[in-house]
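First the structure, in the form of structure tokens, and then the observations on it.
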Amino acid sequence: MHRSRVLLVDDNPEFLDIAATLLEGHHYEIVGKALNGEEGLEATLSLDPDVVVLDISMPCLNGLEVATRLRERKHRAAVVLLTFHEDVEFARAARSIGVLGYVIKRRMASDLPAAVTAALAGRAFVSPPLELVEYA
């Protein structure tokens, strides 16, 4: 059985571990972890994951910058943002650069696996209460 490959990028090691545990429980393969945006961009280009889960607020490059650079390079990985930012403007900015998933960290247990599954299918996913944002 093919397991989709996921790269996790967050400057908080605790959130990396939580996200890895959640996704491995849904039969995803965690191919790597990075602690800042620059490492995340390099890891994405070298590891070629199916999905990249990015924090927004990180050193070196933030998640929106990494997503933008991946799109500029026409990288195939679907992008899911994992963030504390419950701000409609962040969600809209993410969508405008082609990000498929926007998950609020306080909802990651329920929403992260669903967002990764949706992103792999080419569908958008946004955590409530932001799901009212035109994201599709």
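The values are calculated or read from the model by the stated rules, or taken from the named source; none is laboratory data. Because the structure is a prediction, the values reported are computed rather than measured. Every residue, glycine as well, gets a Cβ built from its backbone with ideal geometry; the counts of neighbours run over all protein chains shown. SASA here: full protein model, heavy atoms, side chains in, ligands and nucleic acids out. Shrake-Rupley method; radii C 1.70, N 1.55, O 1.52, S 1.80 Å.
Per residue, how much accessible area does the chain have with a 1.4 Å probe, in Å²?
48
Based on DSSP loop calls and a cut-off of at most 16 other Cβ atoms within 10 Å, the longest stretch of the chain free of exposed GluC sites (Glu not before Pro) is what? Mind showing how you got there, number by number?
On the way: sites that count: GLU86, GLU134.
No qualifying site falls inside 1-85, the longest such stretch.
Rg and Dmax of the range 18-95, using alpha carbons, in Å: what are they?
Gyration radius and largest Cα-Cα distance of the range 18-95: 12.2, 32 Å.
Quick one: what are the phi-derived ³J(HN,Hα) couplings along the range 95-107, Karplus 6.51/-1.76/1.60 with θ = phi - 60°, whole Hz, x for glycine and proline?
Each residue's phi maps through the Karplus curve to give 4, 5, 9, x, 5, 8, x, 9, 10, 7, 4, 5, 10 Hz.
Hey, in the GNM for the chain with a 10 angstrom Cα cutoff, which one of SER46, SER96, SER110 fluctuates hardest?
Its mean-square fluctuation being the largest, the pick is SER46.
Just to be sure I understand: with springs between alpha-carbon atoms less than 10 Å apart, which residue in ILE97, ILE56, ILE18 has the highest mean-square fluctuation in the Gaussian network model of the chain?
Answer for the Gaussian network model of the chain: ILE18.
Could you run the Debye sum over the Cα atoms of the chain, one equal point scatterer each and no solvent, and tell me log10 of I(q)/I(0) at q = 0.13, 0.16 Å⁻¹, two decimals?
Values returned for q = 0.13, 0.16 Å⁻¹ are -0.44, -0.69.
Say we join alpha carbon atoms closer than 10 Å with springs in a Gaussian network model of the chain; which of LEU47, LEU81, LEU112 then has the biggest fluctuation?
For the chain, modelled as a Gaussian network with Cα springs under 10 Å, the answer is LEU47.
First compute the accessible area of the chain with a 1.4 Å probe, then give the percent of it belonging to carbon and sulfur atoms.
52
With an 8 Å cut-off on Cα pairs and a minimum separation of 6 or more residues, tell me the relative contact order of the chain in percent. Intermediate values should be presented prior to the final figure.
Working: 257 pairs, mean separation 27.9, N = 136.
Once normalised by length, the contact order is 21 percent.
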